[in-house]
């Protein structure tokens with residue numbers, strides 16, 4: 001662990017331009033389609049969807065119009081995440097009209113802020129007397145955190161302080177309300193978010209009270225007497241979420257990672273989004289406060305999550321009840337939750353772990369989450385979204401079995417609880433924060449997304465370009481564009497899925513000096529120096545740990561970082577009756593239509609069928625009346641499924657010898 005708070009710098013997104021043929025198109029899609037679409041959604045202009053009312057709530061809270069609050073208790077956060085997506089988008093490309101719209105929203109937010117700095121439209125409009133009385137359930141600190149994140153982003157993107165000043169007033173108010181003082185509340189949020197947000201605000205302002213407040217929230221969590229019980233008694237044993245039973249969030253403290261002090265927790269547990277948001281803040285705090293105990297907490301809980309509770313797609317949260325983790329090795333494919341927000345939070349946690357210690361295992365998980373679940377959470381048109389990301393879908397069953405009520409066979413235009421769409425937008429516009437980890441000893445390259453960047457190295461600047469067509473093609477080039485020579489080390493991540501990476505510098509093979517999954521190349525870099533990184537992408541068969549009972553006898557297909565799936569549109573119905581022989585070879589080819597510029601895979605397989613199966617008995621005593629026939633199996637990148645209408649899908653396929 002580094003001993004210097006300044007040991008990791010945040011990449012300036014003004015000086016990093018993404019030019020990637022693949023993810024660059026996603027950033028353009030967010031800029032041209034997603035941000036305007038979501039602005040329409042926030043203003044209730046998307047027909048046949050649940051209204052948002054989020055902008056209206058701010059107008060009512062500001063006193064600009066009459067009306068009632070509408071929506072989730074955390075509805076404010078959708079506006080904050082939209083503002084953050086706008087901020088990072090403005091770093092990629094100036095848009096005076098969009099910036100003007102954002103400025104107007106910021107003025108609206110500022111007008112809704114109370115004189116003492118408090119900011120939350122639900123409580124301001126609907127229940128001002130109930131402020132800070134139900135932290136377990138009511139998301140005040142969560143909403144505050146997202147607004148603080150938006151403020152930091154908008155300040156870094158535009159240099160404008162208006163929203164940052166609002167955020168500081170809000171943070172100062174929170175700091176006055178919470179803490180160890182006799183007149184203060186000794187509580188912490190039911191939904192973590194304020195922790196990671198205050199860490200970002202601390203880095204911008206260097207106000208030590210913000211870091212101290214994060215430390216208080218983290219260390220107070222789960223201590224006795226339990227704050228959720230105290231506030232529950234104080235408010236007369238009333239509950240906000242009546243439809244889930246009386247005070248279930250108060251009773252199920254593991255749901256919000258509040259059942260024990262963090263130092264005593266051994267497993268990733270509870271609501272998956274809450275877990276990764278909390279741990280993102282803790283990892284950031286551990287590094288900046290040089291707290292070895294919290295660092296060990298992060299390492300322990302990361303290992304449990306990544307080694308025992310992580311889906312092959314980078315999804316987390318195996319059950320719909322509580323949108324939560326369940327237990328080690330319990331990873332069902334069809335009833336999985338794997339919320340889009342959870343994989344975004346996983347990327348954020350991984351990024352902070354990389355800043356704490358340069359170990360490629362975190363970047364491997366970050367890449368898996370990005371290229372699979374995060375991309376899969378949004379349709380290729382930028383106007384439809386998944387909240388839940390299953391690994392297997394059978395639409396006929398979804399219609400009649402309520403255990404699948406959370407699973408949708410196609411992406412939705414919007415949600416009553418719309419946390420995921422603006423979250424996807426903000427992470428895709430801020431991808432530059434995940435590509436590099438700049439440290440004094442080296443520039444760590446985590447993701448091979450095409451871009452040009454300027455990275456400070458002491459008093460000098462290292463300019464470099466990454467180019468290629470990742471993740472479809474195996475070759476990546478890294479070119480130095482610095483006019484003046486720069487002494488530094490480049491550390492290249494060697495992905496866990498690649499068995500035989502090859503690295504050539506200016507035509508000469510580089511000796512493998514690999515430490516914790518990164519190849520280190522130290523030299524005096526000069527303009528024109530070029531590293532050619534070849535990452536062979538054979539089709540890989542992936543098998544589950546024997547303790548994952550859902551994967552017995554099955555295989556998944558992966559090429560590069562991308563997980564592939566079978567879809568009904570290519571392979572017909574009854575995907576469960578398809579079998580992939582162990583000896584079948586794969587053919588990779590470029591797709592057409594919506595799959596243009598994407599690599600698809602085919603292999604010869606077997607389909608077991610029966611004539612008039614519906615007329616046959618449910619059980620039989622012979623080996624099988626089914627007939628087997630050869631069938632070419634077509635696999636598509638899983639992130640792109642459900643872009644051709646409703647149909648069956650599965651990742652894990654039956655395998656035979």
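A few notes on this one:
- Taking residues in the range 615-630 that are assigned by TED's automatic domain parsing to the domain that holds residue 572, and partners anywhere that are modelled with pLDDT under 80, the pairs with Cβ atoms closer than 7 Å and at least 6 places apart or on different chains are 616/625.
- Residue within the range 92-108 that is within 28 Å of residue 255 (Cα to Cα) and crowded, with 24+ Cβ neighbours inside 10 Å present: no
- For residue 187, the conditions (1) in a helix (DSSP H, G or I); (2) modelled with pLDDT of 95 or more all hold with the exception of (1).
- A count restricted to the range 570-596 and to residues that are assigned to a loop (DSSP other than H, G, I, E, B) and either closer than 21 Å to residue 313 by Cα or touching a strand residue (DSSP E or B) at 6+ places or on another chain (Cβ under 7 Å) (or both) stands at 3.
- Among the residues listed as 280, 313, the single one being in contact (Cβ under 8 Å) with a residue 24 or more places away in the chain, in contact with a helix residue (DSSP H, G or I) (Cβ under 6 Å, 6 or more places away or on another chain) and assigned to a loop (DSSP other than H, G, I, E, B): 313
- Residue, farthest from the chain's Cα centre (by Cα), within the range 481-502, restricted to residues that are crowded, with 20+ Cβ neighbours inside 10 Å and part of a strand (DSSP E or B): 486
- From 359, 330, residue being within 20 Å of residue 255 (Cα to Cα) and out of contact with any helix residue (DSSP H, G or I) (no Cβ under 6 Å at 6 or more places or on another chain): 330
- A residue that is in contact (Cβ under 8 Å) with a residue 60 or more places away in the chain, surrounded by fewer than 17 Cβ atoms within 10 Å (Cβ to Cβ), within 25 Å of the chain's Cα centre (by Cα) and over 18 Å from residue 375 (Cβ atoms) can be found somewhere in the range 30-49.
- Pairs with Cβ under 7 Å, 6+ apart, first in the range 370-391 and farther than 18 Å from residue 25 by Cβ, second modelled with pLDDT under 95 and assigned to a helix (DSSP H, G or I): 387/420
- Scanning the range 503-517 for residues that are touching a strand residue (DSSP E or B) at 6+ places or on another chain (Cβ under 6 Å) and either part of a strand (DSSP E or B) or assigned by TED's automatic domain parsing to the domain that holds residue 365 (or both) yields 503, 504, 505.
- Selection count, the range 439-454, where residues are touching a strand residue (DSSP E or B) at 6+ places or on another chain (Cβ under 7 Å), under 23 Å from residue 93 (Cβ atoms) and surrounded by 21 or more Cβ atoms within 10 Å (Cβ to Cβ): 5
- Only one of the numbered conditions (1) touching a residue at least 12 places away in the same chain (Cβ under 8 Å); (2) surrounded by fewer than 23 Cβ atoms within 10 Å (Cβ to Cβ); (3) in a loop (DSSP other than H, G, I, E, B) is violated by residue 400, and that is (1).
- Hey, residue 379 within 11 Å of the chain's Cα centre (by Cα) and either surrounded by fewer than 24 Cβ atoms within 10 Å (Cβ to Cβ) or not assigned by TED's automatic domain parsing to the domain that holds residue 596 (or both) or not: no
- In this structure, residue 364 qualifies as crowded, with 20+ Cβ neighbours inside 10 Å and in contact with a strand residue (DSSP E or B) (Cβ under 9 Å, 6 or more places away or on another chain).
- Looking across the range 190-217, just one residue is in contact with a helix residue (DSSP H, G or I) (Cβ under 9 Å, 6 or more places away or on another chain), outside any helix (DSSP H, G or I) and surrounded by fewer than 22 Cβ atoms within 10 Å (Cβ to Cβ), and that is 207.
- Any hit, the range 431-438, residues being within 13 Å of the chain's Cα centre (by Cα), outside any loop (DSSP other than H, G, I, E, B), under 30 Å from residue 357 (Cα atoms) and at pLDDT below 95: no
- Summed over the range 8-57, residues that are in a helix (DSSP H, G or I) and touching a strand residue (DSSP E or B) at 6+ places or on another chain (Cβ under 7 Å) total 3.
- Pairs are defined by a Cβ separation below 8 Å, a sequence spacing of at least 6 or placement on different chains, a first member in the range 516-542 that is over 30 Å from residue 580 (Cα atoms), and a second member that is at pLDDT below 95 and surrounded by fewer than 14 Cβ atoms within 10 Å (Cβ to Cβ); the pairs so defined are 519/512; 519/513; 520/513; 521/513.
- Single match in 159, 187, 181 (criterion: more than 29 Å from residue 12 (Cα to Cα) and surrounded by fewer than 16 Cβ atoms within 10 Å (Cβ to Cβ)): 181
- Lone unmet requirement of (1) modelled with pLDDT of 95 or more; (2) over 19 Å from residue 192 (Cα atoms) for residue 238: (1)
- Close pairs (7 angstrom Cβ cut-off, 6 or more residues apart or separate chains): touching a residue at least 24 places away in the same chain (Cβ under 8 Å) in the range 322-336, surrounded by fewer than 17 Cβ atoms within 10 Å (Cβ to Cβ) anywhere: 329/545; 329/547; 335/403
- Residue within the range 587-601 that is more than 27 Å from residue 374 (Cα to Cα) and either outside the structural domain of residue 390 (by TED's automatic domain parsing) or free of Cβ contacts under 8 Å to residues at least 40 places away in the same chain (or both) present: no
- For residue 258, the conditions (1) at pLDDT 95 or above; (2) surrounded by 19 or more Cβ atoms within 10 Å (Cβ to Cβ); (3) part of a helix (DSSP H, G or I) are fulfilled apart from (3).
- Complete set of residues in the range 470-480 that are surrounded by fewer than 16 Cβ atoms within 10 Å (Cβ to Cβ) and part of a loop (DSSP other than H, G, I, E, B): 473
- Some residue of the range 288-298 being on the phi > 0 side of the Ramachandran plot, over 20 Å from the mean Cα position of the chain (by Cα) and surrounded by fewer than 18 Cβ atoms within 10 Å (Cβ to Cβ): yes
- Considering only residues in the range 160-184 that are under 28 Å from the mean Cα position of the chain (by Cα) and part of a loop (DSSP other than H, G, I, E, B), the one that is nearest to residue 257 (Cα to Cα) turns out to be 161.
The values are calculated or read from the model by the stated rules, or taken from the named source; none is laboratory data. What you see is a predicted model; the values in this text were computed from it and never measured. All Cβ positions, even for glycine, are placed from backbone atoms using ideal geometry, and neighbour counts span all protein chains on display.
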